Protein chains: 2
Amino acid sequence: MPELSSRSQRVPASPIRKLVPHAVAAKHRGTHVYHLNIGQPDIATPDAFLAAVRNWPGQVVAYDHSQGREELIRAFQSYYLRLGIELSPPEIQVTTGGSEALMFAMACAANPGERLIVFEPFYTNYAGFAAQLGIELVPITSSPKTGYHLPATEEIEAGLDATVRGILLCNPNNPTGTVYTVDEVDALASICRKHDLYLLADEVYREFCYEGELRSTLTLPDMEQHVILTDSLSKRLSACGARVGALVSRNEGVMQAALHMAQARLSSPSLEMIGAAAALDAPDTPRFIDETVSEYRRRRDIVLAGVRAIQGGFCETPHGAFYVMASLPVDDTEDFARWLLTDFERDHKTVMVAPGPGFYVTPGLGHREVRIAYVLNTADLEDAMNLLGEAVEAFRGVAART
Amino acid sequence: MPELSSRSQRVPASPIRKLVPHAVAAKHRGTHVYHLNIGQPDIATPDAFLAAVRNWPGQVVAYDHSQGREELIRAFQSYYLRLGIELSPPEIQVTTGGSEALMFAMACAANPGERLIVFEPFYTNYAGFAAQLGIELVPITSSPKTGYHLPATEEIEAGLDATVRGILLCNPNNPTGTVYTVDEVDALASICRKHDLYLLADEVYREFCYEGELRSTLTLPDMEQHVILTDSLSKRLSACGARVGALVSRNEGVMQAALHMAQARLSSPSLEMIGAAAALDAPDTPRFIDETVSEYRRRRDIVLAGVRAIQGGFCETPHGAFYVMASLPVDDTEDFARWLLTDFERDHKTVMVAPGPGFYVTPGLGHREVRIAYVLNTADLEDAMNLLGEAVEAFRGVAART
């Protein structure tokens, strides 16, 4: 039998999805599962999106331009201009979801065997993309106690060597919900300038910022050649299944290389680009986004109250995205998350959460944390958080007896 | 400025698309351009596809399963069963176009620095994917004189060393239209078994086989662990812009790794998977495919007659796909293809073709060949081929004078 490449064996199973078989089994037993494990919002995609797709008059679902549908590139340009960020069309590469933008960004920044710094806990899929590309992630750990804010500059610089080609920042952060301060982002930019590193910035949750100010990396002075931004419409337009994102950079070499990679895969999904362009440009989209963000703020507060109502539960207030990384008074959240699906129920209901260790590279970290995605309506979320509290109590009881 | 990774600089610009600016300029001058340069069919996507998308009753365009929409996996399973190939669902991974399937297949087969054998001329984008993944392609040249059939086993084996992890075969072939004989495919299988290599098989043009028999690699005995098949609905359903393909293998390790890669990018395009599932399963799809193939056979014959009507033009009869690699009596088809767009027109019309060198890795090859994609209706195609013949004469006149 031919040997499977070691790189493909290093692509981790999704820690968010690997409990799925247990969830399926629970549902077969008649137990309702509240999904707090995955960032799939329940909010309806804007009408403009689906209307544009439904009313598309074409007959041939043809390739679109490799750089992206022209009207979608213009829509991204207008969107960024509304944020005060001026971009020319060649600075925008439409991608098949934020996922592809991350692949392109990593491939531009680092050769196989080279490394990128990432702050853990981090969005697990970064590890999957890095493994596919033969890139190593260097984790620098942030702590629940500081609300997962960045470590001091010296600690970050201690992680650098000649093989490190860039720093990857997700802001607002998935999985922690942390919005980094302006000073933190500026400090990172200084490190990148000083050491000639790329700053790979994942800002897909940009609008989901409930307090404070979000410093977009596209506004950083003297960072035009360093910043490679990855964007996505999945959350902003509640259209996760429409695989539409973007890579944005003012670095011409990066954009040229990204275009070549895009040409290799020919086109992003045509019909979904049609919907995305219409929705991103629709006059009531800013209102849609505002309302969505207000709804998420209410949800965040429910989750936060829920975590804090658990004796021994802990979470600094996260200011963005739609995740909370909650510390729970259990020894192993992998066990706990599985137990929630295999052994717990109350009134035929249980909760699914994402165990913390999946968001860390460093072994041994995250065993007391879970990521909670607050993607359910407020009534369900209240119920789910109450359930979670009860479950923690019950699990501790089981643990104490065994 | 941080240094752009060398791997990303090695991703080639699409040779098929790099003449686009000249085509745009020609159109601005009022010249109609017949596009024979790119495999974008003009045939309407089946009604079932668009109807399913338009009538989808959902409100949230949500992530689907990373392995693919369940009904689409079942539709692929039924499709293969109609071909006499029995597959279980875990042997099918839905991908975002055939492109993603190729990336997954290559990443499973080879680590960075390792190599894959490919028969040149070959589908250019293989080089783009390989460069992104840090894989080197080892070209083994096939000749116009043999209709681009495979070289002898000894010649293929001479290209092997410990770093070669697999052989990549596109059958029916893009860009040559060659359908490899049963014996040729069997011989390749023997090489793979003997040397423990993967056989990466790109069979997206499977139905486009006008004469003779296509030996699918999925029917090869004792090759279950070797074959990684890439498939796509782009051509079969004339739905190139719907990014829906599949990776198929009976090798469990490969399928597990592919699923992990798929989990990292979360989901293929949801709406287009809905359309694809409906169309692949629709009762009249076999008829649609038959009619499409008959239409392409007529087109092939027009192109072939057109090439042969050119004095010094040459092409062995290709039996599949919808491409012809034609040898033309010009010194440099790169110059010729550009000249067609910048300097030639008749009755305000010209032709765009893909120059041969872009399909070769070995320098100096392909300068007398062009790839012609026969994706226009028969009347336009007749006109385009007549134009091409006149253009060759005119270009030779220009060349003789300078």
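Each value in this text was obtained by applying a stated rule to the coordinates, not by laboratory testing. Predicted model only: the values in this text are computed from it and were never measured. Virtual Cβ from ideal backbone geometry, glycine too; neighbours counted across all protein chains shown.
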Sort A:His22, A:His260 so the one with the fewest other Cβ atoms within 10 Å of its own Cβ comes first. A:His22, A:His260
For the stretch B:246-376, treating each Cα as an identical point scatterer without solvent, what Debye log10 I(q)/I(0) comes out at q = 0.15 1/Å? -0.93
List the longest stretch of chain A that has no exposed loop site; here a site is one of the GluC sites (Glu not before Pro) assigned by DSSP to anything other than H, G, I, E or B, with at most 11 other Cβ within 10 Å. A:214-402
Counting all Cα-Cα pairs in the protein assembly as shown, those more than 46 Å apart amount in percent to 23 percent
Cleavage-rule hits, trypsin sites (Lys or Arg not before Pro), the stretch A:19-78, DSSP coil, Cβ neighbours within 10 Å at most 13: A:Arg29
Quick one: dipole size for the protein assembly as shown, taken about the Cα centre, charges +1 on Lys/Arg Cβ and -1 on Asp/Glu Cβ, in debye to the nearest 20. 440 debye
Would you please give the FRET efficiency between B:Asp332 and B:Met1, computed as 1/(1 + (r/R0)^6) with r the Cβ-Cβ distance and R0 = 51 Å, to the nearest 0.05? 0.90
Hey, for B:Arg287 with labels 7 Å out along Cα-Cβ, what do the inter-copy distances come to in nm, ordered shortest first? 4.8
Can you list the HN-Hα couplings for the stretch A:345-359, worked out from phi with the Karplus curve (6.51, -1.76, 1.60; θ = phi - 60°), rounded to whole Hz and with x for Gly and Pro? 6, 9, 6, 6, 9, 8, 10, 10, 10, 9, x, x, x, x, 9
Which distances, shortest first and in nm, link A:Pro57 to the matching position in the other copies, using label points set 7 Å out along Cα to C-beta? 3.0
Any residue on another chain or 5+ positions along whose placed amide H is under 5 Å from the amide H of B:His32 is listed here as B:Lys349, B:Thr350
Please give the Cα centre distance for the stretch A:297-352 versus the stretch B:5-47, rounded to the nearest Å. 51 Å
Quick one: check the C-alpha center-to-center distance for the stretch B:270-287 versus the stretch A:210-260, whole angstrom. 34 Å
Taking R0 as 56 Å, what's the FRET efficiency between B:Asp47 and B:Thr141 from their Cβ-Cβ distance, rounded to 0.05? 0.80
Treat the count of other C-beta atoms within 10 Å as a stand-in for reagent exposure and order A:Lys349, A:Lys235 from fewest to most. A:Lys349, A:Lys235
Relative to the compact globular guide of 2.2 N^0.38 Å, what is the alpha carbon radius of gyration of chain A, as a ratio? 0.98
Taking a label point 7 Å out from Cα toward Cβ, give me the nm distances from A:Ser6 to the same spot in the other copies, shortest first, one decimal. 2.0
According to the square roots a ≥ b ≥ c of the eigenvalues of the Cα gyration tensor, what is the shape class of the stretch B:153-212, taking rounded for a/c under 1.5, prolate for a/b larger than b/c otherwise, and oblate for the remainder? prolate
Which part of the stretch A:304-325 falls in the paramagnetic zone of A:Glu291, meaning amide N under 18 Å from the point 7 Å along Cα-to-beta-carbon? none
Taking a ≥ b ≥ c as the square roots of the eigenvalues of the Cα gyration tensor, with a/c under 1.5 meaning rounded and otherwise prolate when a/b exceeds b/c and oblate if not, the stretch A:200-260 is oblate
Taking amide H atoms as placed 1.01 Å from N in the peptide plane, list the residues 5 or more away in sequence, or in a different chain, whose amide H sits under 5 Å from that of B:Ile43. none
Does the stretch A:162-282 classify as rounded, prolate or oblate by the C-alpha gyration tensor (a ≥ b ≥ c root eigenvalues; a/c under 1.5 gives rounded; else a/b over b/c gives prolate, otherwise oblate)? oblate
Neighbour-count ranking for A:Ile135, A:Ile191 (other C-beta within 10 angstrom, fewest to most) reads A:Ile191, A:Ile135
Extension gain (nm, one decimal) between A:Arg74 and A:Asp301, 0.36 nm per residue minus Cα-Cα: 78.1 nm
In whole Hz, the Karplus estimates of ³J(HN,Hα) for the stretch A:5-10 (6.51, -1.76, 1.60; θ = phi - 60°; x where Gly or Pro) are 4, 5, 4, 6, 6, 7
Mean residue ellipticity at 222 nm from the helices of chain B, using -39,500 (n - 2.57) per DSSP H segment of n ≥ 4 over the full residue count, to the nearest 500 deg cm²/dmol? -12500 deg cm²/dmol
Taking one equal scatterer on every alpha-carbon of the stretch A:47-281, how large is log10 of I(q)/I(0) by Debye at q = 0.08, 0.11, 0.14, 0.16 1/Å? -0.28, -0.54, -0.87, -1.12
Cα centroid separation, the stretch A:130-148 to the stretch A:366-382 (Å): 22 Å
About the Cα centre of chain B, what is the dipole size in debye to 20, counting +1 per Lys and Arg Cβ and -1 per Asp and Glu Cβ, all else neutral? 920 debye
